[in-house]
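Remarks on the structure that follows.
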Amino acid sequence: MSTVYKEANIKVLPIISKTKAERPIWSVVIPAYNRGDLLTECLKSVVPQFLHKEPSLYEIWVVDDCSQENLATIVSQYGSGIVQYYRQPKNVGQLNNFETCLNLTSGQLIHLLHSDDTVNDGFYREIESPLLENDTIGAAFCRHNYIDEYGKIINTSEQLKEDAGVLHDFLYDIASRQLIQTPSIVVKRSVYEAIGGFNKSLSWCEDWEMWIRIATQYQFWYIPQVLANYRIHGNSNTGSSDKNARFIVDVLACINYVQTYLPFEQKKNLCIQQNAKRAFLSFSLRKIAAFLKSSNTTQARFLIVKSLKLCTNSRDVMHLCKIYLKSFF
């Protein structure tokens, strides 16, 4: 399989160490920081799906980024004796913790499941076979719910196709917009070993860049069932980035970065750039509307100004200007 990266770019990415030849099938690794209540929900969604399996076939880790809360007690209480616990000696930040997660695992299939997210029954069963039986498939994902802090469903991701199977020409689609949230996807460890870890220069859309990078070399398997739940709350990376508009800076950086290795001709790459900006402008407009609905006009105006960088035409600029002016009345 040909490599499409420029040598200068691949060197900046964290190297994921190769592990022992004898590997369990599954590595479920849960990066965690405080919020023991949400970690409890996460473990309750994962552990029952492995209790009937032979222990040599899986490993489950909680990787604690030096929390103030005692997460070890929660792992002991809800891990049913099958969950291992690792605590960072100091707080290293989300992306460094992700790198520890990947290097700590040894399974053939890696599920990086944030401690505030959950999976539904059948998640691991449905995803396992397509990945183990197809060498050209590097990752598999399902539909997911967006849930709030209390587990209430806010929305559900769109259905990309009716039946389970390979998503053809997926590189163009995933480079044009973010279609995958982390709890819904499983990646082969050999893929991480081949292409590296998460890009540490991105703090909000490092996952999107990873899916794009994988799609340049591997196929994606899609499962139309809703089997994962992505939580949005004030303390999450998504929630905090919404408030400070950090996601716009990261999105633009990511769009520029992936242009250095996308294999398309210039015209198609430009189309991808515009599609991505429009997709995230729509996301930003929804956040602006939510701020205005809650009478948080200061935050809404701040986000409006920042969102101008996502505009691809004068019509979008005028639309933002109108919203900005209306916010004063």
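Rule-based calculations on the coordinates, nothing more; no lab input. For clarity, every value in this text was computed on a predicted model and none was experimentally measured. For neighbour counting, all protein chains shown are included, and Cβ atoms are generated from backbone atoms with ideal geometry for every residue, glycine included.
Distance between the modelled labels on Leu57 and Arg87, one decimal in nanometres: 3.3 nm (7 Å Cα→Cβ projection). Relative contact order of the range 238-327: 31 percent, from C-alpha pairs under 8 Å at least 6 residues apart in sequence. Amide H contacts under 5 Å for Ala228: Asn120, Asn145, restricted to partners 5 or more places along the chain or on a different chain, H placed in the peptide plane at 1.01 Å from N.
Once you wrap a convex hull around the alpha carbon atoms of the range 22-116, what is its projected area averaged over all directions, in nm²? Its Cα hull, projected and averaged over all orientations, spans 5.5 nm².
The H on the amide N of His233, modeled in the peptide plane, is under 5 Å from the matching H of Gly239, each at least 5 residues off or on a different chain.
Determine which residues of the range 148-164 fall in the zone a paramagnetic label at Asn296 would reach in this model, i.e. backbone nitrogen under 20 Å from the point 7 Å along Cα→Cβ. So the set is 148-155.
Building the convex hull from the alpha-carbon atoms of the range 89-156 and averaging its projection over directions returns 6.5 nm². Helix 246-258 and the longest principal axis of the Cα set of the chain meet at an angle near 80°.
Taken one residue at a time, the phi angles of the range 122-139 give Karplus couplings (6.51, -1.76, 1.60, θ = phi - 60°) of x, 4, 6, 5, 6, 8, 4, 4, x, 6, 6, 9, 10, 5, 7, 8, x, 7 Hz. Gly and Pro are set to x.
Determine the shape class of the range 99-200: with a ≥ b ≥ c the square roots of the Cα gyration tensor eigenvalues, call it rounded for a/c under 1.5, and otherwise prolate if a/b is greater than b/c, oblate otherwise. Since a/c stays below 1.5, the shape of the range 99-200 is classed as rounded. Among beta bridges from DSSP that stay inside the chain, the antiparallel ones total about 30%. Computed from phi, the 3J(HN,Hα) profile of the range 324-329 under the Karplus parametrisation 6.51, -1.76, 1.60 (θ = phi - 60°) reads 4, 5, 5, 5, 8, 10 Hz, with x in place of Gly and Pro. Compared with the direct C-alpha span, the chain from Ala194 to Cys321 gains 41.2 nm at full extension, assuming 0.36 nm per residue.
Cross-link partners of Lys287 among aspartates and glutamates, defined as those whose alpha carbon lies under 18 angstrom from its own and excluding same-chain residues fewer than eight positions apart: Asp148, Glu149, Asp242, Asp250, Asp316.
Helix 297-307: angle to the longest alpha-carbon principal axis of the chain, degrees 0 to 90, nearest 10? Helix 297-307 sits at roughly 90 degrees to that axis. For the range 90-102, 3J(HN,Hα) computed residue by residue from phi via the Karplus equation (6.51, -1.76, 1.60; θ = phi - 60°) reads 8, 5, 10, x, 4, 6, 5, 5, 4, 4, 4, 4, 5 Hz, glycine and proline entered as x. Each stretch of four or more DSSP H residues adds -39500 (n - 2.57); spread over every residue of the chain, this sum gives -13000 deg cm²/dmol at 222 nm.
Per residue, the convex hull spanned by the Cα atoms of the chain measures out at 142 cubic angstrom.
In the range 238-327, the C-alpha radius of gyration followed by the widest Cα-Cα span (Dmax) gives 14.1, 45 angstrom.
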